[in-house]
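Each remark here refers to the structure printed beneath this line.
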C-alpha cells in the first residue's frame, strides 16, 4: 500500500479508501491510484483485511446439484458477479447431512453471507437459518428472514402458453418440473392462468425431474397433444426426440415451447422456442442484494422479467 501511495503521490489512507470502494475519493485521484495498483500488481490481502474488518470478502453458494444447466448457469453468473465486486466464492452442495451441514461448512470457511440456489431453497424454508449468516435465496415464496431474487416464472409461462394458443391450438399440455420445486410450481401456475383466461380447461400435467430422459418419458402420456409447454429446455430436448421417435413432426404435428433458453436451445432440431431467463441479471442481483445485507441493509425482494424467444419449434 505504501508503494502504491508513493507511485500515485497520495497518502496510504487514500489508497485504502480506493481499495475499499469508498466514495470519499475524487474520480481523478481514484484513476491515478488504480493505475498505480495496476502497474505495481497490487492486490488486497484478504486474510489481513479480515483481521482488521471482521469480514472475509467471501460469499457462499448453496446448491442441491450442479447437474442441471440452469444451476450451472447460475453458478457462472454468481461467480462472475462476485468477482466483479472483488468477492471470492465458496460453493457447497447439500449432501446427505442436509442444509444445516452445508451452512456449517460455509461458516467454517468464514463466509460473510450466502446465496441459496433453486431446489435448495425448499430446505431453507423448513429451518431457522443461522442468524449470523446473511442469506439471499434464489426462487422462494415471500419470507422476511432473507432477501429473495427470482425470475418471473409465472409470467414467462403465461407468455409461452398464450403464444401456443395464438397459433390456433385448442389447448396446451404441460410437462411440469418436480412437485416441490418453487420454479416448477410458478411455471405451472402461469400455464394454468393463461388457459383459464382463454376459457380452456387445463389438461392434467405430466411431471418430470428436469432431465432430458424424463422429458422423453413424459411424451408417452401426451397422445393427441398438438401443443406442449415444457418447464425447462432439457426436458424439452427429450420431448423433441420422443416425438421424432413416434413419427410426429415438430412443429407440423405438435408445437413445443421450453423454458430457460439455454445456450444450445437454438441448436436443437428444430430450434427451440423457449422462455429466456436472464441468468446474468439474476446473478448480479443476488450478489448485489447479499453484499447490501452484509453491509447492514434490509432484506429485499426482486423479480427479473422473462421473455419469449420464438424459433422453429412453435411458430
- What is the distance, in nm, between label points placed 7 Å from the Cα along the Cα-to-Cβ direction at residue 108 and at residue 39? 4.6
- Fewest first, what order do 74, 37, 235, 1 take by the number of other Cβ atoms within 10 Å? 1, 37, 74, 235
- Task: With r as the distance between the Cβ atoms of residue 245 and residue 278 and R0 = 41 Å, compute the FRET efficiency 1/(1 + (r/R0)^6) and round to 0.05.
- Result: 0.75
- Task: Rounded to the nearest 0.05, what FRET efficiency do residue 295 and residue 31 give with R0 = 25 Å and r taken as the Cβ-Cβ distance? Could you check?
- Result: 0.55
- Between residue 128 and residue 67, 0.36 nm times their residue separation minus their Cα-Cα distance comes to what? 19.2 nm
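Given the Cα-Cα distance of residue 312 and residue 96 and 0.36 nm per residue of separation, how much length would full extension add, in nm?
Here the answer is 73.5 nm.
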- Query: In the P(r) worked out for the chain, what percent of Cα pairs fall beyond 26 Å?
  - Reply: 53
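Among the DSSP beta bridges whose two residues both lie in the chain, what percent are antiparallel, rounded to the nearest 5? Provide the component values of the computation, followed by the final result.
Working: 3 of 37 bridges.
Antiparallel bridges: around 10 percent, rounded to the nearest 5.
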- Message: With the crude spin-label approximation of a point 7 Å out along Cα→Cβ, what separation in nm comes out for residue 167 versus residue 2?
- Response: 7.0
- Please report the orientation-averaged projected area of the stretch 153-277, defined via the convex hull of its C-alpha atoms, in nm². 6.5
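Kindly provide the helix-only [θ] at 222 nm of the chain, computed as the sum of -39,500 (n - 2.57) over DSSP H runs of four or more divided by all residues, to the nearest 500 deg cm²/dmol?
-13000 deg cm²/dmol
Computed from the coordinates by the stated procedures, all read-outs in this text should not be read as laboratory data. Owing to the predicted nature of the structure, the values given are computational and were not obtained by experimental measurement. Here the Cβ is made from the backbone with ideal geometry for all residues, glycine too, and neighbour counts use every protein chain on show.
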